[in-house]
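Enquirer: Dropping the structure in here first, questions after.
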Amino acid sequence: MSDTETTFKLETDSALVQEYKYGFVSDVEADQLPKGLNEDIIRAISAKKKEPEWMTEWRLKAYRRWQKKDYPKWAKVEYPPVDFQDIRYYSAPKMNPKEGGEIDPELARTFEKLGIPIEERNHLAGVAVDAVFDSMSIATTHREMLAEKGIIFCSMSEALQQHPELVRKYLGSVVPPGDNFYAALNSAVFSDGSFCFIPKGVRCPVELSTYFRINAKDTGQFERTLIVAEEGAYVSYIEGCTAPQRDNNQLHAAVVELIAMEGAEIKYSTVQNWYAGDENGQGGIYNFVTKRGHCRGANSKISWTQVEVGAAITWKYPSVILEGDNSVGEFYSVAFTNKKMQADTGTKMIHIGKNTSSTIISKGISAGESVNSYRGMVRILPSALNARNHTCCDSMLIGDKCFANTYPVIEAETSTAIIEHEATTSKISEEQLFYVQSRGIDEESATSLIVNGFCRDVFKELPMEFSVEAIKLLELKLEHSVG
Amino acid sequence: MSEKTPFFEIRNLHAKTEDKPILKGVNLTILPGETHALMGPNGSGKSTLSNVIMGHPAYEVTDGEVIFQGQNILELDPDARARLGLFLAFQYPVAIPGISVAKFLKSAADARFGQGTIKPSQFIKQLREDMKFLEMNEAFINRFLNDGFSGGEKKRMEILQMLTLKPALAVMDETDSGLDIDALRIVSKGVNRMVGPNFGLLVITHYERILRYIAPSHLHVLIDGQIAMSGGPDLVKEVEKNGYDWIREKFGKEVLV
């Protein structure tokens, strides 16, 4: 394990202030449970969602395990203990269009403002959207077209009603309820998220996407997403997140499970832009997420691409268990931190099958007084003959008060493995900036150009239109971070 | 140009880096259509002068002015100087990984000439022509800027940028260093295409051989942060023929190399 903690000098002490344009609050009538967590609350959540009894029991079991756990302290993040009794675990818009009602116009406006058209007439051509507002999915588009191909794309709540046998079969099979503190909490109280099922041999013709919005005050969001690709199926899934600007911290504790059967491929892309708090570190979302994929069948492939530019604290390690022979796992990450943000993110690649291979490309950019850590594990089990891994983690520092750390762990239990690891830490160099500026490009655009170049290997993995969005978003985030 | 708004004039320029004075009162005037060569031994302040003209943040100007297009550009950021029509061909161009030559040059051209004034198709066409002129492989257009380029390739890329950005005044900082004769010929060909009645050029060099390719109208010798000698075509001829060791000797032996 190496621990490189480096700071560099650069004359960039200007105000690291910028507008968070998604910081508005929507005035929507909500159906809420009281704050606090106990077995009654869990039963009440389950009852609100009209869940089968096994699901209620599953939640309660997870809750009991959670109570015995302590929150993880090993990450390079610092925050006061979260008071789990001071959080509201269920808050849903009262008008639920999915139960035959009209969509609350305020909700429609909210998603319109966020650039997510949920009404049928405004649908994006190549993308099916599931829109989750606090604890509830309020709209899912393109469903009929997908249904014709046998693809199930709906909210987790609906899946529990309509496809309980599928949910029961796969839920918790990659991230067991007792996996870790936040996964256990999520398993007990999860609200909504997406369920995607791509049947054998089907190539999903559009991008599936879920947009998560936290709106209500003092409310946590406990997203639960499950994607199953049967033999030979393919799906590309996109996730986006925003939240209002509030001065207290809010919790987003998600669990995402991906399952790829023989020859299947799942491509999962995230642009996370939760509210990050102000320049004094006041407010912002705590983003404690467990994401894991399981290459169950031979020749399957799971690819995680994440662009993390928001949240006060990010604690997230999208991982792949490479069980099927010849299976492939990929992790491409850009994590940008500014102000007092803290990110501890990376991946785990667990090689079990023969000839499995994994690629990790991580780009961390720190500005302001932020702390940005890469934490990764590559584990090659004795059965994983001829396994290969290539890891490249680069950190870039903007300013002289930020930190970049890398904590890579490599465990190889077979002599046939080939593992490559590259890591660099650099400051955005004065020479590069001067060179680009000397061609007439102003300092902000020059920084953005250099950072975009730095992130290119990750951005090119995103679906085309999403990649353009990600570049624009990063440019916006970089504004005023130098100068 | 009238007396009041000189095209390019360096007046009594003093500059230091890390508290070490390097430029100690440089005076130099360039008019449109003129090509000036600036020679001098290592450590005399040649590269400092080019960096200060462009506005490198590591150098602090302690006195003097640099007037370009009628204003003191020392108050401007490097990018604003470039947009006024100033260009520096770097001695050591840096790499910008992940950004293609085409993207970089389009961004620079948009900054210089205004967003949207050049059509992308027209831009690429012109870029291809210029690359052909500089005997560069077209594949360079998609390579990352200076990333893994050889020394000669980097220098040609500097000249390509100059042709693209069409500056009014260019400073070439030892562009000839490390170039073989063939590369020197190509680079000079590019530079000579720029030369004309509306273009001023300052060629900073350590070697007299470039004077054969780029015919300067004026020559200056910089020694210990000051212009020790200036002259017209006669001095150029003299230096071309006999080198400039004799000038160094003339100014005493504290001037080494």
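Enquirer: Are there DSSP H segments in chain A that both extend 15 Å or more along their axis (alpha-carbon positions) and score a mean Kyte-Doolittle hydropathy of at least -1.0? List them, or say none. Working shown, then result.
Expert: Working: long enough: A:53-68 (23 Å, -1.81); A:443-459 (23 Å, 0.32); A:464-478 (21 Å, 0.75).
Length and hydropathy pass: A:443-459, A:464-478.
Enquirer: Using helices alone, what [θ] at 222 nm do you get for chain A, with -39,500 (n - 2.57) per DSSP H run of 4 or more residues, divided over all residues and rounded to the nearest 500? Walk me through the intermediate numbers first.
Expert: On the way: 10 runs with 104 residues, N = 483.
That comes out to -6500 deg cm²/dmol.
Enquirer: Amide H of residue A:410 versus every other amide H placed in the peptide plane: which residues, excluding those fewer than 5 positions away on the same chain, fall under 5 Å?
Expert: So residue A:410 has HN proximity to A:378.
Enquirer: If N is the number of residues in chain A, what value comes out of its Cα radius of gyration divided by 2.2 N^0.38 Å? Don't skip to the end; give the middle numbers.
Expert: Values: Rg = 21.6 Å, N = 483, 2.2 N^0.38 = 23.0 Å.
That works out to 0.94 for chain A.
Enquirer: A further question on this structure: Under unit Cβ charges (Lys, Arg +1; Asp, Glu -1), what dipole magnitude, rounded to 20 debye, does segment B:106-257 have relative to its Cα centre?
Expert: Values: 21 positive and 21 negative charges, 130 e Å.
Roughly 620 debye, rounded to the nearest 20.
Enquirer: May I pose another question? If you count, for each residue, the other Cβ atoms within 10 Å and average over each peptide, how do A:325-333, A:177-185 line up from highest to lowest?
Expert: Values: A:325-333: 24.7, A:177-185: 22.2.
Those peptides, ordered most packed to least, come out A:325-333, A:177-185.
Enquirer: Among B:207, B:192, B:178, which residue has its Cα positioned farthest towards the positive end of the charge dipole of segment B:174-227, with +1 placed on the Cβ of Lys and Arg, -1 on the Cβ of Asp and Glu, and the dipole taken about the Cα centre?
Expert: It is B:192, whose Cα lies furthest towards the positive end.
Enquirer: What value in Å³ per residue do you get for the convex hull of the alpha-carbon atoms in chain B? Each step should come with its number before you reach the end.
Expert: Numbers: hull volume 33.8 nm³, N = 257.
In chain B, the Cα convex hull volume per residue is 132 Å³.
Enquirer: To continue, here is another question. How crowded by other chains is B:50-58, given as the mean number of beta carbons from other chains within 10 Å of each beta carbon? All intermediate terms of the calculation are to be shown ahead of the outcome.
Expert: Numbers: counts 0, 2, 0, 0, 4, 3, 6, 6, 3.
Per residue, the average neighbour count from other chains is 3.
Enquirer: Give the long-range amide H neighbours of residue A:372: residues separated by 5 or more places, or on another chain, with amide H under 5 Å away, using H modelled in the peptide plane at 1.01 Å from N.
Expert: A:343, A:403, A:404, A:405
Enquirer: Given that compact globular proteins tend to follow 2.2 N^0.38 Å, what is the ratio of the alpha-carbon Rg of segment A:369-457 to that value?
Expert: Working: Rg = 17.8 Å, N = 89, 2.2 N^0.38 = 12.1 Å.
Against the compact-globule rule of thumb, the ratio is 1.47.
Enquirer: Average partner chain C-beta neighbours within 10 Å, per residue of A:446-456?
Expert: On the way: counts 5, 0, 1, 8, 5, 1, 4, 11, 4, 1, 5.
Shielding by partners across A:446-456 averages 4.
Enquirer: On to the next question. What is the mean number of Cβ atoms from other protein chains located within 10 Å of the Cβ atom of each residue in peptide B:70-82, rounded to a whole number? Don't jump to the answer; show the numbers that get you there.
Expert: Numbers: counts 0, 0, 0, 0, 0, 0, 0, 5, 12, 13, 3, 3, 7.
Mean shielding by partner chains, rounded to a whole number: 3.
Enquirer: Now for a separate question. With just the Cα atoms defining each centre, how far is segment A:76-91 from segment A:196-239? Give it in Å.
Expert: Centre-to-centre distance over Cα atoms comes out at 26 Å.
Enquirer: Moving to a separate point now. Size of segment A:213-303 along its principal axes in angstrom, Cα-based, largest extent first?
Expert: Between the extreme Cα coordinates on each principal axis of segment A:213-303 lie 49, 19, 17 Å.
Enquirer: In chain B, which helices (entire DSSP H runs) extend 24 Å or more along their own long axis, judged by Cα positions, while averaging at least -0.5 on the Kyte-Doolittle scale?
Expert: Values: long enough: none.
Span-like helices here: none at all.
Enquirer: Hey, could you get me the Stokes-Einstein D for segment B:10-99, Kirkwood radius over alpha-carbon pairs, 25 °C and 0.890 mPa s, rounded to whole µm² s⁻¹?
Expert: It comes out at roughly 174 µm²/s.
Enquirer: Answer with one residue from A:349, A:433, A:367: the one whose Cα lies farthest towards the positive end of the charge dipole of segment A:349-483, charges on Cβ with Lys, Arg +1 and Asp, Glu -1.
Expert: After comparing all options, I get A:349.
Enquirer: Okay, next question. Amide H to amide H under 5 Å from residue A:423: which residues, 5+ apart in sequence or cross-chain, H placed 1.01 Å off N in plane?
Expert: A:393
Enquirer: Please work out the FRET efficiency for the pair residue B:27 and residue B:177, using the Cβ-Cβ distance as r and a Förster radius of 30 Å; give the result to the nearest 0.05.
Expert: On the way: r = 25 Å, r/R0 = 0.85.
My answer for the efficiency is 0.75.
Enquirer: Would you please put A:289-297, A:428-436 in order of how densely packed they are, using the mean number of other Cβ atoms within 10 angstrom per residue and starting with the highest? Don't skip to the end; give the middle numbers.
Expert: On the way: A:289-297: 25.1, A:428-436: 21.0.
Sorting A:289-297, A:428-436 by mean packing, highest first, produces A:289-297, A:428-436.
Enquirer: Turning to a different aspect of this structure: Say R0 is 60 Å: what FRET efficiency, to the nearest 0.05, do residue A:166 and residue A:420 get from their beta-carbon distance?
Expert: Working: r = 39 Å, r/R0 = 0.65.
After rounding, the FRET efficiency stands at 0.95.
Enquirer: Can I ask one more? Which of A:79, A:268 comes first, and how do the rest follow, when ranked by fewest Cβ neighbours within 10 Å?
Expert: Working: A:79 15, A:268 23.
In order of increasing Cβ crowding within 10 Å: A:79, A:268.
Enquirer: Taking 0.36 nm per residue of sequence separation and subtracting the Cα-Cα distance, how much length would be gained by fully extending the chain between residue A:40 and residue A:465, in nm to one decimal?
Expert: On the way: separation 425, 0.36 × 425 = 153.00 nm, distance 4.43 nm.
Roughly 148.6 nm would be gained on extension.
Enquirer: Compute the distance in nm between two label points, each set 7 Å from the Cα along the Cα-to-Cβ direction, one at residue A:148 and one at residue B:132.
Expert: Distance between the two pseudo-spin positions: 4.9 nm.
Enquirer: Based on alpha-carbon centroids, what's the gap between segment A:284-345 and segment B:63-134 in Å, whole number please?
Expert: 39 Å
Enquirer: Can you give the charge dipole size of chain B about its Cα centre, rounded to the nearest 20 debye, using +1 on the beta carbon of Lys and Arg and -1 on the beta carbon of Asp and Glu?
Expert: Details: 30 positive and 32 negative charges, 158 e Å.
It works out to roughly 760 debye.
Enquirer: Counting alpha carbon pairs within less than 8 Å and at least 6 residues apart, what relative contact order, in whole percent, applies to chain A?
Expert: 13 percent
Enquirer: If packing is taken as the average count of other Cβ atoms within 10 Å, what order do B:138-150, A:358-370 fall into, highest mean first? Mind dumping the intermediate values first?
Expert: On the way: B:138-150: 15.3, A:358-370: 24.8.
Most protected by this proxy first, the peptides run A:358-370, B:138-150.
Enquirer: Nearest 20 debye, what's the magnitude of the dipole of chain A about its Cα centre given +1 on Lys and Arg Cβ and -1 on Asp and Glu Cβ? Write out the running numbers ahead of the final one.
Expert: Numbers: 52 positive and 67 negative charges, 244 e Å.
The calculated dipole for chain A is roughly 1180 debye.
Enquirer: On a full-extension model of 0.36 nm per residue, what is the gain between residue A:50 and residue A:390, subtracting their alpha-carbon distance, rounded to one decimal in nm?
Expert: Numbers: separation 340, 0.36 × 340 = 122.40 nm, distance 4.60 nm.
Contour length minus the Cα-Cα distance gives 117.8 nm.
Here, each number is a calculation from the coordinates, and none is a lab measurement. Since we're looking at a predicted model, the values are computed, not measured. For neighbour counting, all protein chains shown are included, and Cβ atoms are generated from backbone atoms with ideal geometry for every residue, glycine included.
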